[in-house]
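Undergrad: The following block contains the structure, expressed as structure tokens.
The values are calculated or read from the model by the stated rules, or taken from the named source; none is laboratory data. In this text the structure is predicted, and so the values were computed from the model without any measurement. Here the Cβ positions follow ideal geometry from the backbone for every residue, glycine too, while neighbour counts run over all protein chains shown. Protein only, heavy atoms only, side chains kept; ligands, DNA and RNA dropped before computing areas. Shrake-Rupley method; radii C 1.70, N 1.55, O 1.52, S 1.80 Å.
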Amino acid sequence: MSSLTGAPGVTTAAVAAAVHWPRPVVLVEADTNAASTTMTGFLRSNLRPSDGGIERLALASSRGVLRSNDLLDPERALAVAVHDLPDFDLAIPTLPDRHQMWVIPGFVNLNTIDGNVGIWGRLPGLLRTVSESGIDVIVDTGRIGFSDPRLTLLDAVDHVVVCAEATMPDLNRLYRRLILDDLAGHIATGTEEPRWSLLLRKPVAQEVGKRDFTNHVLPVLDVLPHDPAGAAAFSLGHPDSKPRRNRYRSAIRGVVAKLDQVAAHETIDRKAS
């Protein structure tokens, strides 16, 4: 999941999707624009950077001691196994029964980002090995900048979901961003199943319809409700006392179902080609 106009709820949507994913899943917080929000948000500051994160992964890679089967090894402390976490005083949201979810939190020390650019070339291969073992992967890139080195990640995934708000400013910003040369070779056009789609968020006012976004920028996968209280379960780890009434949670379940169908179609297409 990514953004081209800012980062309107990318991490919140990625965390929520991972929580409700139908199979074991790893969420990789690969945002280089800000410090990790999963550590202080969804995980509610219950863990330390030494418990796992992309900084540790990048350091191991730069030293040449990172193997593909290390990613989920608890002894390497690269990924946080959310399903195995103990009960904390500051409780985090519970996962669906028997669901397995790992999180690789993002950068904590922003001054290390420029020195770890090489990880973006290595990460697709590592994540491919995880996927081949039967564990799906969701990557949260946050905002993708011009000539962003993380474009290699977007080239490697099955499907790219771009998050935006359903407003005229975001429609204009998306249009202006997508015509720049650095993205031209990354977005497949004219295919029966487009590999890039939009996940819109309903604004407080002045909503622009899905048809306008589809006609001028990218096809729309779905529209999330404006529900800050519901989204807080995933962005802030806020207790969700009435999950069945959480409009954001219900909408994310629908998004996950659609993504699962899209991924299945694209897997079939790759096998047939």
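Undergrad: Could you list all residues from region 147-173 that are open to solvent by 50 Å² or more (accessible area, probe 1.4 Å), touching an Asp or Glu at 6+ places or on another chain (Cβ under 8 Å) and either outside any loop (DSSP other than H, G, I, E, B) or under 27 Å from residue 209 (Cα atoms) (or both)?
TA: Correct list: 158 only.
Undergrad: Also, I was wondering about something else. Is it true that some residue in region 137-146 is open to solvent by 40 Å² or more (accessible area, probe 1.4 Å), assigned to a loop (DSSP other than H, G, I, E, B) and in contact with an Asp or Glu (Cβ under 6 Å, 6 or more places away or on another chain)?
TA: Yes, region 137-146 contains a residue that is open to solvent by 40 Å² or more (accessible area, probe 1.4 Å), assigned to a loop (DSSP other than H, G, I, E, B) and in contact with an Asp or Glu (Cβ under 6 Å, 6 or more places away or on another chain).
Undergrad: Restricting the search to region 67-92, which residues are assigned to a loop (DSSP other than H, G, I, E, B) and buried (at least 20 other Cβ atoms within 10 Å of the Cβ)?
TA: Across region 67-92, the qualifying residues are 71, 78, 79.
Undergrad: Let me spell it out: the conditions are (1) at pLDDT 95 or above; (2) over 19 Å from residue 39 (Cβ atoms); (3) open to solvent by less than 60 Å² (accessible area, probe 1.4 Å); (4) of a type outside the set (A, V, I, L, M, F, W, C), and residue 105 meets all of them except one. Which number is the exception?
TA: (2)
Undergrad: If you don't mind, there's one more thing I want to ask. Scan (1) in contact with a strand residue (DSSP E or B) (Cβ under 8 Å, 6 or more places away or on another chain); (2) open to solvent by 60 Å² or more (accessible area, probe 1.4 Å); (3) polar (S, T, N, Q); (4) under 25 Å from residue 144 (Cβ atoms) for the single condition residue 32 breaks and write down its number.
TA: (2)
Undergrad: Turning to a different aspect of this structure: Just checking, does region 36-56 include any residue being in contact (Cβ under 8 Å) with a residue 24 or more places away in the chain, among the acidic types (Asp, Glu) and either surrounded by fewer than 19 Cβ atoms within 10 Å (Cβ to Cβ) or within 18 Å of residue 231 (Cα to Cα) (or both)?
TA: There is at least one residue in region 36-56 that is in contact (Cβ under 8 Å) with a residue 24 or more places away in the chain, among the acidic types (Asp, Glu) and either surrounded by fewer than 19 Cβ atoms within 10 Å (Cβ to Cβ) or within 18 Å of residue 231 (Cα to Cα) (or both).
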